[in-house]
Amino acid sequence: GFMLLIVPGIVLALMWSQTYISILDHRSRWFGALSFSKSLTRGYKGAILLAFAILIIASFAAEIPALLVVKDIYSSLPPAAGASAVHLSPGDMAIIAASTVLDSAIQTYTVFVSTAIYDKLLQYAQGAYEPQTAYTGSLKV
């Protein structure tokens, strides 16, 4: 029963993924942006899902080292110890800082990817060019 809510939620999120950018681009407002995003993403939800899935996986991967350090620190504390009992080594602080910087860079890149997706979808919708779905040329050397 729980999956019956997750799958439609993902479909709606993909369908409405261009809503905020279309509002910022002054293409539409509020509920009109939902309809505009729905029309832009029609037929491209799979490609959008793939792009966002790669970015989400990269973001989680960037956080794994920091989570492992924090898990090790807190698992070694006695149950009654408070936050003042936590002492980070310089190496642990470097891992957490590097992980945070990497995740921030990935999140920034996600904004650029979202904008690029919006731009391509807008070009497809305006008929600027047809999307390439398969390689149809010949391999000449």
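Quick rundown of the values:
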{"read-out": "Local net charge near THR100, Cβ-Cβ under 14 Å (Lys/Arg +1, Asp/Glu -1)", "value": "-3"}
{"read-out": "Extended-chain gain in nm, criterion 0.36 nm per residue less alpha-carbon gap, ILE64 and ASP119", "value": "16.6 nm"}
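Values quoted throughout were computed directly from the atomic coordinates according to the rules given, and no laboratory measurement underlies them. Since this is a predicted model, take the numbers as computed values, not measurements. Note that each Cβ is placed from the backbone with ideal geometry, even for glycine, and that neighbours are counted across all protein chains shown.
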